[in-house]
Amino acid sequence: MPLDLDLADPRFRIRDLEPTDEPSVLALFDAAEDWFTATTGQPAAPGDVQSLYYVLPEGAAFDDKAILVIESEGRIVGLIDAVLRHPTASTCSVGMFLLHPAHRRRGIGSRAVSLLLGELAARGHTEVVASVAEGLRPGRAFLTSLGFTFDLGAAGPSATANRNPGPGERAPVRARLHLPAGPR
């Protein structure tokens, strides 16, 4: 998903992940240990960066994988892992939305998601499916603030991803957001 979006703040931008970003993404993962521990039951490991490239929900195509970074003043402070056209041609599945703890609760995540949702609608997507680990209140509150609704009892997209779950991984809860029709 070639993307370079302006967050209306010259200090931030969203762009595609590049191979040279790996050390910076690993540093982000280390800083966001709270998210990894709450989600998988363990801290991030170097292999988690590489797995971003190949972990897909069942039936998804590699060409539809989008890994985006949120950059601030040349440093990666956030990451979005999404699969376009999954599970339907007009749906985008978001597997991870992660912000560095120092940048949380400052409106950056909401602005980033708003830009991304606008881009998805412009590309013909009508729905976004995201998941949050069961019991992860900040993640659930964030999705709720964006207008997502939760499917009671429904496992999220990562439940069928082509990877082994972590030893303390919590079951994901799926959330949905219907997008307004965008220009084509």
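Could you give every pair whose Cβ atoms fall below 6 Å, whose first residue belongs to region 21-32 and is more than 11 Å from GLN50 (Cα to Cα) and modelled with pLDDT under 90, and whose second residue is open to solvent by less than 50 Å² (accessible area, probe 1.4 Å) and among the hydrophobic types (A, V, I, L, M, F, W, C), counting only separations of at least 6 or pairs across chains?
Sorted first by the residue in region 21-32, then by its partner, the pairs are ALA32/LEU98.
In region 146-184, how many residues are at pLDDT below 90, in contact with a Ser or Thr (Cβ under 9 Å, 6 or more places away or on another chain) and either closer than 24 Å to ALA45 by Cα or surrounded by fewer than 14 Cβ atoms within 10 Å (Cβ to Cβ) (or both)?
15
Please verify whether region 102-125 includes one or more residues that are modelled with pLDDT of 90 or more and open to solvent by 40 Å² or more (accessible area, probe 1.4 Å).
Within region 102-125, none of the residues are modelled with pLDDT of 90 or more and open to solvent by 40 Å² or more (accessible area, probe 1.4 Å).
Being under 14 Å from the mean Cα position of the chain (by Cα) and not in a loop (DSSP other than H, G, I, E, B) is the filter; apply it to region 52-63 and report the residue that is surrounded by the fewest Cβ atoms within 10 Å (Cβ to Cβ).
Taking region 52-63 and keeping what is under 14 Å from the mean Cα position of the chain (by Cα), we get 52-53, 55-57.
If we keep only those that are not in a loop (DSSP other than H, G, I, E, B) too, we end up with 52-53, 57.
Values: LEU52: 17, TYR53: 13, PRO57: 18.
Applying the filter and picking the extreme gives TYR53.
Suppose the filter is assigned to a strand (DSSP E or B), over 13 Å from the mean Cα position of the chain (by Cα), in contact (Cβ under 8 Å) with a residue 40 or more places away in the chain and buried (at least 19 other Cβ atoms within 10 Å of the Cβ); does ILE76 pass it? Outline the logic, then answer.
Working: assigned to a strand (DSSP E or B): yes; over 13 Å from the mean Cα position of the chain (by Cα): yes; in contact (Cβ under 8 Å) with a residue 40 or more places away in the chain: yes; buried (at least 19 other Cβ atoms within 10 Å of the Cβ): yes.
Yes.
The values are calculated or read from the model by the stated rules, or taken from the named source; none is laboratory data. Only a predicted model underlies this, so the values are computations on that prediction, with no experimental measurement involved. Please note: Cβ atoms are built from the backbone with ideal geometry, for glycine as well, and neighbour counts cover all protein chains shown. To get the accessible areas, we keep the full protein, side chains included, count just its heavy atoms, and leave off ligands, DNA and RNA. Shrake-Rupley method; radii C 1.70, N 1.55, O 1.52, S 1.80 Å.
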